[in-house]
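Reviewing the structure listed below.
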Amino acid sequence: MSFLPPSVVLPVPLTTKSHFSPIPKVVNAQNQQDPIILGVDEAGRGPVIGPMVYGLAYTRKSQDRVLRKFGFDDSKKLTPEKRTELMQGICGAEPELLRSIGWATTSITARDISAGMLRPKGSTYNLNSQAHDVTMALIQGILGRGVCVEEVYIDTVGPPAVYQKKLQGRFPGLKITVTKKADSLFPIVSAASIVAKVTRDSSIEQSRLCRSIPTVWGSGYPSDPRTSKWLNGNVHPLYGWDLNVRYSWQTAKDAIKRNNGIEMTWEDDLEEVDDDYGDISHLMSSNNFSSSSISNFDSVLCDWFLSSI
């Protein structure tokens with residue numbers, strides 16, 4: 001049986017969830033001469049399928065040597081087997097890592113990403129804002145557990161200087177470093193990167209298994225031919241896909257159009273006329289809902305109702 005990290009809950013939820021590990025012994029020990037450092041990184045920012053996962057790791061600064069000894073590095077440079085091995089070590093397979101490294105994750109689901117990005121005009125919640133808010137909530141979650149963090153290292157989202165100023169304003173008592181390639185520069189960010197990557201990979205695999213999706217959907221990145229094939233071969237003209245897909249991605253929008261998706265007009269998008277919304281009677285036209293357009297689909301997995309219809 002494949003390793004399932006404790007940050008992945010079954011069945012995989014459709015709403016954003018966080019997981020916090022127990023505080024490790026090394027961190028709990030009183031040692032004012034050895035500051036606590038914390039790193040943050042993400043996995044799954046670009047894919048059209050699955051969650052974006054933010055990972056956080058923390059330890060004493062002296063434990064950098066432990067991370068280097070075990071081979072922590074940017075997760076993209078490591079094989080899936082090595083990433084899993086390191087994650088298992090953090091979770092208890094390696095006692096030295098278990099007593100040294102604390103960690104946490106937040107998995108922002110495809111549904112929640114899309115719901116934010118597809119809000120009505122003027123109230124959209126873009127991906128950078130979602131990422132910033134989740135990062136700050138994770139850091140606050142560690143501080144709220146009584147961990148006296150002193151230094152924070154973060155892989156940037158957007159311009160490093162702007163993001164660092166925002167974080168420093170939110171956490172004035174911390175020494176914060178935001179930079180590109182932080183997961184290659186700082187082992188504690190490498191650990192966060194691995195936590196995020198293993199959690200995301202396990203989550204999308206469990207989503208596939210739980211929903212009995214027979215076709216491998218690939219990495220979830222739009223450039224992956226397997227992902228493109230799955231998107232275009234499994235789209236319903238009215239419902240699209242289930243909520244593993246980020247409907248706010250242009251890749252998803254294009255796949256729906258390419259496969260004769262039914263065009264919808266939403267009331268919120270209509271211009272106001274005489275202090276009232278415009279005529280929406282055309283939305284009820286039979287042309288928009290011809291039986292032929294969905295006749296090839298006997299059923300569709302509809303997560304809104306948690307059953308097939």
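The values are calculated or read from the model by the stated rules, or taken from the named source; none is laboratory data. Note that the structure is a prediction, hence the values are computed from the model and not measured. Quick reminder, even Gly has a Cβ in these numbers, built from the backbone with ideal geometry, and neighbours come from all protein chains shown. Just so you know, the surface numbers come from the protein's heavy atoms only, side chains and all, with ligands and any DNA or RNA stripped out. Shrake-Rupley method; radii C 1.70, N 1.55, O 1.52, S 1.80 Å.
Condition first: more than 17 Å from the chain's Cα centre (by Cα), surrounded by 15 or more Cβ atoms within 10 Å (Cβ to Cβ) and modelled with pLDDT of 95 or more. Can you find one or more residues in the stretch 130-142 that meet it? Yes, some residue in the stretch 130-142 is more than 17 Å from the chain's Cα centre (by Cα), surrounded by 15 or more Cβ atoms within 10 Å (Cβ to Cβ) and modelled with pLDDT of 95 or more. Taking each residue of the stretch 142-163 that is more than 15 Å from N28 (Cβ to Cβ) and touching a residue at least 24 places away in the same chain (Cβ under 8 Å) and looking for partners that are assigned to a loop (DSSP other than H, G, I, E, B) and open to solvent by 60 Å² or more (accessible area, probe 1.4 Å) with beta-carbon atoms closer than 7 Å, six or more apart or interchain, yields T156/K180. What do you reckon, is V216 β-branched (V, I, T) and modelled with pLDDT of 90 or more? So V216 fails the test. Taking the conditions exactly as written (surrounded by fewer than 17 Cβ atoms within 10 Å (Cβ to Cβ), under 21 Å from M52 (Cβ atoms), among the basic types (K, R) and at pLDDT below 95), does R170 satisfy them or not? No: the conditions fail for R170.
Residues in the stretch 24-44 that are modelled with pLDDT under 95 and part of a loop (DSSP other than H, G, I, E, B) were compared, and the one that is surrounded by the fewest Cβ atoms within 10 Å (Cβ to Cβ) is Q30. Within the set D183, D155, D254, the sole residue that is open to solvent by 10 Å² or more (accessible area, probe 1.4 Å) and in contact with an Asp or Glu (Cβ under 9 Å, 6 or more places away or on another chain) turns out to be D155.
Among the criteria (1) in a strand (DSSP E or B); (2) of a type in the set (V, I, T); (3) free of Cβ contacts under 8 Å to residues at least 12 places away in the same chain, the one T59 does not fulfil is (3). Looking only at residues of the stretch 189-200 that are farther than 10 Å from L4 by Cα and either among the aliphatic types (A, V, I, L, M) or surrounded by fewer than 24 Cβ atoms within 10 Å (Cβ to Cβ) (or both), we find that the one that is nearest to the chain's Cα centre (by Cα) is A196.
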